[in-house]
Structure formats: C-alpha cells, structure tokens
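So the structure is just underneath, and the comments pick up after that.
Every read-out reported here was derived from the displayed coordinates using simple, explicitly stated rules and does not represent laboratory data. Since the structure is predicted, the reported quantities are computational estimates derived from the model, not experimental observations. Note: ideal-geometry Cβ built from the backbone for every residue, glycine included; neighbour counts use all protein chains shown.
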Amino acid sequence: MLGLKNRFIFLLLIFPLLSFSSQQGYLINKAVQNRLFESHIWQRLLHLTPQKEPSIANKTFLLSYPTFTPKKELIETINHFFKRPQSICKYPARYYWLKKNLEEANFNFPTYECQEFNQYLQKTDLERLELVFVSENVTNPSSMMGHTFFKLSSHENQGERRINAISFFTLIDTSNPFILIPKSTIIGMKGFFVLSPYRKQMERYLYEEERNIWEYELNLSAEEKRLIYYHFWELKDIDIRYLFTGFNCATIIDDMLGITDKSYNNDSNLWITPKDVIKKAYSRKLIRKMKLVPSKKWEIKMLSEALDNKRVEDIYTILYQKAFNKLKDYQFSKDSKIKAIEKKLILAYIQSQYYKKEMTKIELEDVKKILQQESHEIQYDIDLSSYKNPIYTSNDSQLSLSYQNNNLHIKILPASNRLYDDNREYFGETRLKIGELDLEINEKGIKVDAFELFNMKSLNPVDAFNHDFSREVKISYEKQYNQQLKPYHAYNISGAVGLTKQLSTDITLFSMLGGGLAYGDSELYPYIYPEFGMMIYEVFNMKSTLEYRYIYNQANSYHAYHNIHFEHSIFLDKQVRLGLGIDRKKSHGQVEDEYDFSLNWFF
C-alpha cells in the first residue's frame, strides 16, 4: 500500500514536468514546420545580413552562438523560454512574436513577471514613434554622414508628454585619421544603445553642433510599433561593435524597419547610411508627415536667401553693433510676407547669439518686444521642411563608367558625393568621398589608377551672418605629374582652407590655399597650390564646374604647372548623371589635355 502511495505522489510530481516538456516539444516542432526561422521578422530581430550572417555575432545576443543558424536560434529561444523563463525579460520582442504565431488553447508559452521591463514600458508609455535624421557635418568625422535615431512620444498625462530618444552611437576618442579610419572601418569601436531625454539631444545638435533635425512620423501598425519598441529593450545591454562601413546607427534602424515588409531589405547598398534609411522609409510610404527643426545657422541662411542683399546687410549691421533701438525706426518691407521673413531673421540671429552667450537675456527680451510692437500685422507660418530636405538628395553610393583618352575607367564610390554632383539639397557645396576606387582598363589589362581613402571638401558661402572658412582634406593614392607633365603614382595627404561666395542661388565662387605631402617617383616631397573655382546650376537640370590650380614644388625638381578642369553634368534624374570633363595641364610651353565622358549611376 505504501509503494502504491509513493508511486501516486511521484506521478503527481512528474506529470506537470511531462506536460511542460510536451508543450515545449510541440511548439518547437510547430515553429520548425511553419519555417518561422525564414520569416523576415525573425531575421530582422536577429539583425542578419543579406547572406544570413549575424551582424551582432556574440553570445550576449545570440543563444546559439558560436554555432548560429536562424533555425538553431529559433529552437534555442523557445527552449530558454521554458527552461529559463526569466529569459522572457531579456527577449520580449522575440517572446511577443513567437507567442503570437505559436500559442494555441492547449499549448501555451510560460509566463514571467519582468519588473524592469514593465518599468520601462510605464516610463516611456509609447504612443508615437518617429524617425529622426540629424544633418551631416562633413568637417567632423563623427557626423560626416549624418545621424539617425528614434524619437518616442508618450501618451499625454495631465497635459504633459514624455519624449525620449533611443540612439545607437559610438564615442570617437581621436581626430587622427590614421587611427580613426582603421578603427571605424575594420577594427570597430564600442557601440552604445541609449535611452535619453529628447530635449537634451536636440539642444546638443541644434545649438552646440549647429546641425538640423528632421522628424519623420512613421506610418506603422500597432504590432509593428510594439515589436520595435520591445526590441529596443533587447539591445540595451548587448556588446555591439560599431563600424561606419558595417554596423552603424543606420543599419540597426534599417533592420528594425525591415519588420514591416519582407522585401524591405532587398535594396543593394555597399553600406547603409543614415540618409539611406530615411529615403528608403519615404519610398516605402512609411513616413506619414515630416517636420524640420532647423539650427539657427541654417535658418539664418534660408531666410537670408529670401531677402535682397541690401536688406540683409542693413539688418546685420544693426544687430552686430547691438544698436537695437534702431530697429524701432527700421523701415521693414511693406510686403507683409517679406516683413515676416525680416523679423524671423532678426529673431533667429538674436537667439543664436543668446545660445552662444554673446547676448544677455535682457537684450534678447528687449529685441523680442520691438518685433512684437505691431500686433495687427498678418502672421505667416514659414514652412522650412522643404528647404534642402535630405529625402530629395541623390543616393549615397555611385558607380561610374568613363572613357578617358582611349582608356575605360570604372569608379566605385561607396559614399557619398562629388563636387560636380547635384548638391542643391546640401548646406553649401560639398564633396565627401570615402573609399573611392578607380580602375583603369586598357589593352594591357586592369590596374588601380587611383584610390581615395578620404576626400572632404566643404564650401560654406560667407555672407553677412556666416563667416566660416571653406576646408578640404584628402588622403589618397593618385596620379601626380613631373616637370614634363608625365604622370606617376603617389601616396598623398593634403589639405586646404579658403573662402566661398554665393553670387546667387545658382552661382558659387570659391578660392583656397592648400598644400600637401606626397611620396612618389622614389621621393618624398611637399607641394603647395592656390585654387579658384566656380559652380553654376543651369537650366534643364544641368551643372558646370570650373576649377583652376597652380601646383608648385613637386618631385625631382622645383617646378610648377597650371591645371584647369571643367566638368559639365546633365542630371537625367536622381539616379543617373551624364558628364563631360576636360582637363588641361600646362608647363613651360607643354600642354596635356584629357577628355572624359562619363555615366554615373547612384544607388
């Protein structure tokens, strides 16, 4: 009788375990049979590359690491939910999605009380999810491609709304390009996935770095928002390596938005840039509406362009001299809209000076009172969102086919743009080339004709309100020329500084003084060059660029030569450019001309 009682107790103890194991096995079999591991949502939650390799390849994120496959990870995830229910708190997005796709009346997932995760849900209380793009600054290595992150807005509670930012970024601890470039492209740097107050982020970008912020409200279903929202939590403590050319702020967000459509990540990009993310979201109709929050520098530039130069100069003189009482007698335009722009320009400038601590709070309020004197005037809401919107730029990667003096050239530019591209949506004319490879093909075969590791040129037009210098930095393997204008290849690092003037919306002039150090033709040598140039945007979507350099002091002998380059571009659309280039070099009566016919595809 005692033995029967013991067996009965044993069955009572073991039956729940057998039932638990039965549910676990059934759900795993069902997940495999339904091939959930092939789902685009599952693969986006794992951040897989197009080759189905994990971008986050470590055991802090992948349960099946180092023998990872999407199928193994699916099985291990379900196993963990049953064997270690606390893992539900680490992977709430996986749990939510698997539970939704697998749970039945008689076969349920285990549950677990996740206190920290629940506190996260309560504190953020998500209602609206927005994609944010911060404009690029090509002169700063950490922001030369721009930055993108998510903005989370809570439900309104007693008239208040909590707004947070979730961002993936890295800390750059050096400005030395020889250290930064290998770290950021090959070795990788520690990545941080951080939740912080949105206002702090805004103030840093707008006032400290003077970069624009575009906010794009996303058109997502409640389930898509929840998956992304939960997935934020899954990434918070993960060891992630940040790579500018591999896994950056853009790729991680692109993966998240990829849950919306299985074809979302079919686009071919050499790497994903922040601008690629917002353009793809826009083309896939994921953006419901957009808003620009401009930096004061940008706003001043835009408003100045809407006024004639005389009025801009008059306003600047009053403000620069702090002769604010003169504003009371200033003859504003009789046109109500122009008058509104004038007042908005004054307000933008004094706010800029206040943020820079070059104007007191009292002075700021005094000028505001003067501007508000005429209460009866018509109020105009000036929309800035269509002014140089990154959505309308060309794509960041280029493939170029060109015919140069009987040779075929193939140029591959992973990122980002050339000086003769359509740069009208940028703040000033810019060039940013990272890793451009130029292959020459002729009857002798294929060779590397040039490689530009990094080439940045920023032409910021000076005006009454902006006095920034234009700058250029280049690290390259390129052709240079001896006294007889014979080419040879050299390793080169160079830089320049100068001034740019915008004569009109379509005409820009610049002048620079530069110098460099090169090794070629068996010699290490310095050189200097003054440079002058002009860019004109013409009718029928065309652009002409003219550049002149006088290059002095190169290898083997002290010599100089003149170099004139003309480039004419025809933009068939945002993806295709036709180009005609003419390059002339002249030295001691010798002249060498090169002609270039090119076709560029932006992708």
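Data table
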{"quantity": "Over 32 Å between alpha carbons, listed pairs Lys310/Lys474; Lys52/Lys411; Lys262/Lys457; Lys190/Lys474", "calculated": "Lys310/Lys474; Lys262/Lys457"}
{"quantity": "Order of Thr508, Thr273 under a 10 Å beta carbon neighbour criterion, fewest first", "calculated": "Thr508, Thr273"}
{"quantity": "Residue exposure sequence - Thr430, Thr69, Thr245 - by fewest surrounding Cβ within 10 Å", "calculated": "Thr69, Thr245, Thr430"}
{"quantity": "Magnitude of the charge dipole, the chain, Cβ model with Lys/Arg +1 and Asp/Glu -1, debye to 20", "calculated": "1940"}
{"quantity": "Sparsely packed trypsin sites (Lys or Arg not before Pro) within segment 395-471, loop by DSSP, other Cβ within 10 Å at most 11", "calculated": "Lys444"}
{"quantity": "Helix-only mean residue ellipticity at 222 nm for the chain, each DSSP H run of n ≥ 4 adding -39500 (n - 2.57), per residue, nearest 500", "calculated": "-9000 deg cm²/dmol"}
{"quantity": "Formal net charge of residues neighbouring Arg204 (Cβ-Cβ distance under 15 Å; K, R +1; D, E -1)", "calculated": "+3"}
{"quantity": "Dipole axis of segment 19-113 (+1 Lys, Arg; -1 Asp, Glu on Cβ), positive-most option in Ile28, Ser39, Pro50", "calculated": "Pro50"}
{"quantity": "Residues Glu156, Glu531, sorted so that the one with the fewest Cβ neighbours within 10 Å comes first", "calculated": "Glu156, Glu531"}
{"quantity": "Euclidean distance of C-alpha centroids, segment 102-156 and segment 20-85, integer Å", "calculated": "22"}
{"quantity": "Separation between Cα centres of segment 536-603 and segment 191-231, rounded to whole Å", "calculated": "41"}
{"quantity": "Charge-dipole axis of segment 309-371 as Lys and Arg at +1 and Asp and Glu at -1 on Cβ define it, positive-most pick from Ile362, Leu347, Tyr320", "calculated": "Leu347"}
{"quantity": "Cβ-isolated cysteines (cut-off 4.7 Å), the chain", "calculated": "Cys249"}
{"quantity": "Mean Kyte hydropathy of -1.0 or more with a Cα span along the axis of at least 30 Å, helices from DSSP in the chain", "calculated": "2-33"}
{"quantity": "Cα gyration tensor category, rounded, prolate or oblate, for the chain with a/c compared to 1.5", "calculated": "oblate"}
{"quantity": "10 Å beta-carbon shell around Tyr392, net charge (K/R +1, D/E -1)", "calculated": "+2"}
{"quantity": "Distance between modelled label sites at Asn325 and Gln122, nm, 7 Å Cα→Cβ extension", "calculated": "5.9"}
{"quantity": "Summed side-chain charge close to Met534 - residues other than Met534 whose Cβ falls under 14 Å, Lys, Arg +1, Asp, Glu -1", "calculated": "-3"}
{"quantity": "Beta bridges by DSSP in the chain, antiparallel share as percent, to the nearest 5", "calculated": "100"}
{"quantity": "Label-to-label distance, nm, for residues given as Tyr26 and Asn553 (7 Å Cα→Cβ offset)", "calculated": "8.4"}
{"quantity": "Positive dipole terminus of the chain, leading residue within Asn563, Trp271, Phe332 (C-beta point charges)", "calculated": "Trp271"}
